[in-house]
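Data block below; observations after.
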Amino acid sequence: MPKLITLLSGLLCLLDPWSGATASEPERIDTRAFVASSQVKNVKIAPDGEHVALTYEDGSQVKLAVIHLDSRKPTSQFAFGENMHVLNFWWGSNARVVMAVGEVTGNLDNYGRATEYYAANADGSRRYQIFDAQNSAYQVLHPLPEDDRHILIARYHWADQGVPKGNLLDLFSGELRFVGDQPVDDDMVALIADNDGQLRGAAALKMGDTLDERELRLYVKHDQEWQTLDIDASRPSPAVSFLGFSADNRQVFFRSNHDMPSGDRQGVFRYDLDTKQVELLYRHPDVDVAGLLRGPSGAVVGATARFGPMTYTFFEDKLEQAPTDISVLRSLIASFPDADVTIPSTSSDGSKAIVYVRGDRNPGEFYVLEVEAMQLGLLAAALPDLPTEILAPMKPVRINARDGMELHGYLTTPNNVDKDLPLIVNVHGGPFGVADQWGFNAEAQLFAHHGFATLQVNFRGSGGRGEDFVRAGWREWGGKMQDDVTDATRWAIEQGIADPDRICIYGGSYGGYAALMGVIREPDLYQCAVGYVGVYDLPWFRSGDGNDASRHRDRESRASFERFMSTAVGDDMERLRRNSPVHNVDQIQADLLLVHGGSDVRVVIGHFERLRQALDEIGKDYEWMVKEEEGHGFYDVGNRVDFYDRMLAFFKRHIDPRAVQTGTE
């Protein structure tokens with residue numbers, strides 16, 4: 001249990017001041033401090049407030065530990081083997097924890113699906129596998145903390161064509177008991193429980209042949225009768241999802257763009273179960289609403305949105321009165337002015353809360369809040385060995401693309417300098433629906449520490465700005481999505497931020513593809529490129545052999561995957577060939593570093609091998625690294641250190657940071 005002992009030794013310990021640098025000659029922090037496994041990923045407090053359960057990374061695993069709050073001593077630890085992650089967990093009672101466990105084969109692979117569910121007592125006893133997901137998927141709807149034996153789940157079984165069914169699950173025997181009715185039999189995709197653990201919400205989705213052809217309906221149960229929410233979600237690209245119920249279960253909140261032309265930004269709506277009225281509570285002028293803002297009592301008091309630091313909008317004049325919750329939240333936000341503040345978990349009586357704080361120069365900290373006394377105590381830090389005073393600020397930026405579309409992005413520069421810098425353009429993966437966000441980014445901070453600026457741009461196709469913005473990227477691999485990255489790079493030059501002779505492009509997964517296409521499309525713009533677990537042969541990727549289609553085993557899942565590939569990637573094989581790095585290597589002038597995991601099941605290593613073969617055939621030199629045991633992104637910390645040290649050396653050879661001095665701000 002050495003990892004857990006290390007974790008616990010940092011509980012309630014503030015970071016030691018870093019004193020090994022001067023303004024003229026900064027001492028370099030070891031790469032491992034930036035890219036180490038997170039000491040803590042998530043924390044949830046028990047209903048009675050006596051214990052917390054937390055997850056943390058240890059090599060290729062994500063484990064769970066239970067800690068007694070008063071003594072700060074561990075009572076149990078749970079691990080499930082190589083590449084197995086505790087993906088989520090719940091307190092089923094004061095003394096029993098439920099864990100959803102699944103395999104994840106790389107730190108860029110967010111595809112993990114829970115295949116096994118376990119329950120155990122907080123002291124580690126009576127650990128049972130309560131069920132597996134061989135022919136089913138499961139979703140925990142409510143932990144039912146007042147019921148020591150059961151939780152409420154939705155079961156999606158292949159025999160039911162994947163339609164969710166509400167069941168009570170026995171935490172000791174694994175026995176399922178059907179309890180839920182639903183408004184319709186077909187097209188059901190989700191069930192939602194209210195705050196008392198009663199099935200009160202449902203969503204149905206009718207799909208057509210493309211992603212545009214879909215109809216979404218929401219249902220809410222009131223006085224034993226199902227009601228259909230009166231919203232028009234039948235047009236193309238509806239984006240509607242439940243956010244939860246009010247504390248008294250008389251109102252339901254949902255996020256939607258049903259009232260906007262086409263597929264614009266999502267706002268927060270309230271549906272009153274008594275009056276049957278739908279009311280828009282808030283919509284951000286630039287981005288989708290992120291979620292609800294709840295206080296320690298569980299009352300909904302506002303909403304959050306993200307472009308740059310999180311914005312908080314309180315609904316004092318629109319919702320139930322919760323002055324204590326609002327006061328607590330305002331006090332917490334004021335206490336951490338340079339970070340985002342959320343309350344992910346509270347005790348059942350609202351007297352204790354877990355507070356999570358994270359910012360651009362804060363990798364993440366979990367606190368325990370005694371609500372009545374307003375006493376806040378540090379519980380654990382994500383990266384306790386990284387001195388935060390040497391970290392650099394991340395600034396949100398707005399950039400106009402060549403066709404006038406506004407792009408959002410983030411710029412991280414070394415402390416005390418912001419002009420004429422060597423620049424790394426870091427392209428995110430996905431690409432669709434994913435977005436870079438403000439907050440701690442280990443790569444950007446590592447690069448800044450070594451004298452490089454980092455630019456991250458949310459090109460069209462990225463998430464967080466409405467469905468239209470996502471759809472604008474469909475079938476634009478190597479097209480307008482790539483133009484957006486180019487335009488962002490030229491913006492950095494025009495602003496005087498980047499030295500035009502010292503720019504490299506880097507990315508993982510889709511970002512690896514974009515890095516290679518960047519040096520193909522713009523041979524005079526980038527001096528080097530790093531492709532990390534990238535997609536390099538689009539026709540092969542589209543055909544099914546070069547993607548992860550094998551993960552989609554049932555007919556509906558395969559059909560959904562094919563709809564996505566056809567709509568978002570495209571079917572024009574000649575166009576895909578024209579926009580593939582493998583088929584355009586003769587246009588590459590920049591120096592290359594290619595990195596892949598030999599066990600990658602998301603972007604199979606065949607992409608890397610095909611690109612190497614094409615480069616070898618024309619005699620193009622390049623550098624490469626393969627870690628045979630790694631998947632879609634490296635998990636082993638030693639392998640991550642090797643990769644980032646190799647990449648830093650590569651960048652320094654090609655866009656030397658020269659006399660850029662870094663240190664504390």
Segment 342-355: number of residues that are closer than 30 Å to HIS449 by Cα and either surrounded by 21 or more Cβ atoms within 10 Å (Cβ to Cβ) or out of contact with any strand residue (DSSP E or B) (no Cβ under 9 Å at 6 or more places or on another chain) (or both): 1
Residue under evaluation MET394, criteria (1) more than 21 Å from PHE34 (Cα to Cα); (2) surrounded by 24 or more Cβ atoms within 10 Å (Cβ to Cβ); (3) within 23 Å of the chain's Cα centre (by Cα), criterion not met: (1)
Selection within segment 547-559 - closer than 22 Å to GLY511 by Cβ, at pLDDT below 65 and part of a loop (DSSP other than H, G, I, E, B): ASP548
Condition check for LEU593: closer than 20 Å to LEU538 by Cβ and crowded, with 19+ Cβ neighbours inside 10 Å: no
Qualifying positions in segment 464-514 - touching a Pro at 6+ places or on another chain (Cβ under 6 Å), crowded, with 20+ Cβ neighbours inside 10 Å and either assigned to a helix (DSSP H, G or I) or free of Cβ contacts under 8 Å to residues at least 24 places away in the same chain (or both): TYR510
Positions within segment 579-638 being basic (Lys, Arg), outside any strand (DSSP E or B) and touching a residue at least 24 places away in the same chain (Cβ under 8 Å), in sequence order: ARG602, ARG610, LYS620
Those residues of segment 47-75 which are farther than 17 Å from ALA100 by Cα, out of contact with any Ser or Thr (no Cβ under 6 Å at 6 or more places or on another chain) and assigned to a loop (DSSP other than H, G, I, E, B), in sequence order: ASP48, GLU50, GLY59, LEU69, ASP70, SER71, ARG72
Selection count, segment 313-327, where residues are surrounded by 18 or more Cβ atoms within 10 Å (Cβ to Cβ) and either at pLDDT 95 or above or acidic (Asp, Glu) (or both): 1
Any hit, segment 282-290, residues being touching a Ser or Thr at 6+ places or on another chain (Cβ under 8 Å) and crowded, with 22+ Cβ neighbours inside 10 Å: yes
Test: residue in segment 415-428 that is crowded, with 22+ Cβ neighbours inside 10 Å and over 19 Å from LEU648 (Cα atoms): no
Unique match (being without any contact (Cβ under 8 Å) to a residue 60 or more places away in the chain and over 24 Å from GLY49 (Cβ atoms)) among THR324, THR304: THR304
Subset of segment 351-382 that is out of contact with any helix residue (DSSP H, G or I) (no Cβ under 7 Å at 6 or more places or on another chain) and not in a strand (DSSP E or B) - its residue that is nearest to ARG306 (Cα to Cα): ASP360
Those residues of segment 265-281 which are over 30 Å from GLU372 (Cβ atoms) and either in contact with a Ser or Thr (Cβ under 9 Å, 6 or more places away or on another chain) or assigned to a strand (DSSP E or B) (or both), in sequence order: GLN266, GLY267, PHE269, TYR271, ASP272, VAL278, GLU279, LEU280
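The values are calculated or read from the model by the stated rules, or taken from the named source; none is laboratory data. The shown structure was predicted, so the numbers you read here are calculated from the model rather than taken from an experiment. A quick note on method: Cβ atoms are made from the backbone with ideal geometry, for glycine too, and the neighbour counts reach across all protein chains shown.
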